[in-house]
Amino acid sequence: MTPAPTSARLSRSLVPLACLLLAACGRAPDPLAPAADEFSVMTYNLHQYALADRDGDGQKSEPKPEAERAAAADLIAQARPDVLAVQEIGGPAVFEEFRYALASRGLDYGHAEYLQRGESEINLAVLSRFPIVSRQPHTDDRYSIGTAEIPVLRGFADVEIEVNPQYRFRLLVAHLKSKVFHALGQTEMRRNEARLLNKHVRAILKENPEANLLVAGDFNDTYRSAALREALGEQGGLLADLRPADADGDVWTRFEPAFDEYARIDYLLASRGMLPEVVREKTRVVHGPLAYQASDHRPVMAVFKAVDLAPTGDMRESSAKPAELQETD
């Protein structure tokens, strides 16, 4: 039998190696995965990944159901964000359990920022593959409504992350007041929290107008709301709404069963300095069966070039025009 040509034998010998590199034979590389010179950021409301009164006995002692916790960890493990900002994470013990669940799925985030107010079970956290080089949590912000002085309920996480020696970005994470009734007016409370968030944005950009700044989180309000206008600042001139969509073009991030209502209330907002680095075709709302099992929110994920690119054009022209603002008859 005539031996196969050397080139053919070599090609066949490389097949097992290719299979290993792709994790399984026949599976193509994920076209949405960041390239070697890119990184990804996800924001995700985990929906009461915490101890809560789930059986109505008045005691906050029941964890998020195991199937929901597993679905959340599996979804994150599939998307593999380099930086993960989460809302509605429980106390310190729950947070460590969450980190362990991710690590057991191959996501070992070596750097973290955890922000808890008092003994709250509704907290903020940032997990990162890259070093967190500075931390400046905002826990003392207060605003007034009438004679009442009110603290920002969950505070704002604020970290600077070094992706590589040449590229850093600032990440502000928020979870604004929910739409649960409050005697002082939940809409006005949310607007004031957004105004204070924007105050921190303005301070960062005053110090460095070209700063790489990303604001992420659950704003509990729609794009046309007063809260979003406050957060975006100066008629949208400070931050650009990345407005990710899923593969079907849908942008909603939360389903409210009580009202049979879909809404976009989770956001990634980028500064003029960071906007040129956005890789639009990989920036998206993550969807699929796991998303429906894990939370009443869908995660929002953006991919960025890990190199400073020169800002171009006007901020208001750089953002995709939101469908919510299109005119209808």
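The values are calculated or read from the model by the stated rules, or taken from the named source; none is laboratory data. Predicted model, so just to flag it, every value in this text is computed and none were measured. FYI the Cβ positions are ideal-geometry reconstructions off the backbone, even for glycines, and counts take in every protein chain you see. Just so you know, the surface numbers come from the protein's heavy atoms only, side chains and all, with ligands and any DNA or RNA stripped out. Shrake-Rupley method; radii C 1.70, N 1.55, O 1.52, S 1.80 Å.
Ala157 falls short on exactly one of the conditions (1) under 15 Å from Ser271 (Cβ atoms); (2) in contact (Cβ under 8 Å) with a residue 60 or more places away in the chain, and that condition is (1). Each residue in segment 212-233 was checked for being open to solvent by 10 Å² or more (accessible area, probe 1.4 Å) and either farther than 12 Å from Ala270 by Cα or of a type in the set (A, V, I, L, M) (or both), and 10 pass.
The residue that is surrounded by the most Cβ atoms within 10 Å (Cβ to Cβ), among those in segment 169-204 that are charged (D, E, K, R) and either touching a Pro at 6+ places or on another chain (Cβ under 9 Å) or part of a helix (DSSP H, G or I) (or both), is Glu193. Restricted to strands (runs of 3 or more DSSP E) entirely inside segment 205-274, no element has at least 2 residues that are touching a Pro at 6+ places or on another chain (Cβ under 8 Å) and of a type in the set (A, V, I, L, M). With the requirement that a residue be over 26 Å from Asn212 (Cα atoms) and out of contact with any helix residue (DSSP H, G or I) (no Cβ under 9 Å at 6 or more places or on another chain), what does segment 145-184 give you? Gly146, Thr147, Ala148, Glu149, Pro151, Phe181, Ala183, Leu184, listed by residue number. Consider segment 153-168 and keep the residues that are modelled with pLDDT of 95 or more and in a loop (DSSP other than H, G, I, E, B). The one that is farthest from Leu228 (Cα to Cα) is Pro165.
You will find that of Arg243, Arg254, Arg264, the residue that is within 13 Å of Ala302 (Cβ to Cβ) and touching a residue at least 60 places away in the same chain (Cβ under 8 Å) is Arg243 and no other. For segment 234-250, a residue qualifies if it is more than 12 Å from Leu268 (Cβ to Cβ) and either in contact with an Asp or Glu (Cβ under 9 Å, 6 or more places away or on another chain) or of a type outside the set (A, V, I, L, M) (or both), and the qualifying residues are Glu234, Gln235, Gly236, Gly237, Asp246, Asp248, Gly249, Asp250.
For segment 89-110, a residue qualifies if it is in contact with a Lys or Arg (Cβ under 9 Å, 6 or more places away or on another chain), within 16 Å of Met42 (Cα to Cα) and touching a residue at least 40 places away in the same chain (Cβ under 8 Å), and exactly one does: Phe98. Here Ala245, Ala227, Ala211 are screened, and the one residue that is over 18 Å from Arg272 (Cβ atoms), at pLDDT 95 or above and touching a helix residue (DSSP H, G or I) at 6+ places or on another chain (Cβ under 6 Å) is Ala227.
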